[in-house]
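Remarks on the structure that follows.
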Amino acid sequence: IMKKEDKSLLIDSLVETLNNYSHFYLVDMTALDSAATSALRRECFKSEVKLQVVKNTLFGKALGKLEGDFSALDSCLKGTTGVMFCNTANVPAKLIKSFGKDHNNMPSLKAAYAEESFYVGADQLDALCSIKSKNELIAEVVSMLEGQLQSVVSALDGGTTIHGLLDAIEEKNA
């Protein structure tokens, strides 16, 4: 039986970890034996994902100390729960998917908190896999802008006047 001081230290440690990572996944690890669990830990480590098995009640109390309402996850805090902490939202989803292929679809997704949204249920795995990271989105916007800029520069090089260019842009957007 855990002492009250130990529980509160554990809760504080979980709060600190939650504050250090932008996203986390709750996974069911019940069916994984120790060898599979070790293999999963290695994959997580390689992908910069911190995997921690938690006591549901203590994790719930840690969530309660955070800003925001995490009650959407309450129903998922039962059974053996592993938490995957990460800073790139889609990495654990891809890891769960690839690891699961060789391990009877284990671990299975219970829920995730990614990009400030809740995903509850194993059926959310594909949606989580397709989340783009902030850096991926920035790269997409930059490449779109580069394309636009290139066409403006070539139009000006081709002797088009600023007035002619603005007319063309207006026509295109009409």
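How many percent of the alpha carbon pairs in the chain exceed a separation of 19 Å? Cα-Cα pairs of the chain separated by over 19 Å account for 64 percent. For the chain, the fraction of 1.4 Å probe accessible surface lying on carbon and sulfur atoms is 53 percent. Helix 134-157 and the long axis of the chain differ in direction by around 10°, with both axes built from C-alpha atoms. I'd like the FRET efficiency for residue 137 and residue 33, computed as 1/(1 + (r/R0)^6) with the beta carbon distance as r and R0 of 25 Å, rounded to 0.05. About 0.05, to the nearest 0.05. For the peptides 17-25, 125-133, residues were scored by their other Cβ atoms within 10 Å and the scores averaged per peptide; the highest-first order is 17-25, 125-133. Summing +1 for each Lys or Arg and -1 for each Asp or Glu among the other residues whose beta-carbon sits under 14 angstrom from that of residue 34 gives +1. Dividing the mean sequence gap of close Cα pairs (under 8 Å, 6+ apart) by how many residues region 102-161 holds gives a relative contact order of 18 percent.
Dividing the Cα radius of gyration of region 98-140 by 2.2 N^0.38 Å, with N the residue count, gives 1.35. Taking the Cα centre of each part, how many Å lie between region 1-65 and region 83-150? That distance is 19 Å. Cα-Cα pairs above 16 Å in region 1-61: how many percent? Every Cα pair in region 1-61 considered, those over 16 Å come to 53 percent. Could you give the angle, 0 to 90 degrees to the nearest 10, between helix 162-173's Cα long axis and the longest principal axis of the Cα atoms of the chain? Approximately 50 degrees, to the nearest ten. Taking every C-alpha pair closer than 8 Å and separated by at least 6 residues, the mean separation divided by the residue count of region 43-174 gives a relative contact order of 19 percent. Axis of helix 34-46 versus longest Cα principal axis of the chain: the two differ by about 30°, to the nearest ten degrees. With the simple model of a label 7 Å out from the Cα in the direction of the Cβ, residue 115 to residue 167 spans 4.1 nm. Mark the label point 7 Å from the Cα of residue 72 along Cα→Cβ and return the residues of region 103-147 whose backbone N is within less than 17 Å of it. The answer is 109-132. Taking the average, over residues, of other Cβ atoms within 10 Å as the packing measure, peptides 84-92, 106-114 rank 106-114, 84-92 from highest down. Each label point was placed 7 Å from the Cα along the Cα-to-Cβ direction; for residue 1 and residue 46 their separation is 4.4 nm. Per residue, region 9-92 exposes 51 Å² of accessible surface when a 1.4 Å probe is rolled over the protein heavy atoms with every protein chain present.
Within 10 Å of each candidate Cβ there may be at most 13 other Cβ atoms; applying that plus a DSSP loop requirement, which GluC sites (Glu not before Pro) in region 112-167 survive? Counting only loop positions with at most 13 other Cβ atoms within 10 Å, the GluC sites (Glu not before Pro) in region 112-167 are 116.
The values are calculated or read from the model by the stated rules, or taken from the named source; none is laboratory data. Note that the coordinates shown come from a computational prediction; the quantities given were computed from them, not determined experimentally. Using ideal geometry, Cβ is built from the backbone for each residue, glycine included, and neighbour counts are taken over all protein chains shown. Areas reflect the complete protein model, heavy atoms only, side chains present, ligands, DNA and RNA absent. Shrake-Rupley method; radii C 1.70, N 1.55, O 1.52, S 1.80 Å.
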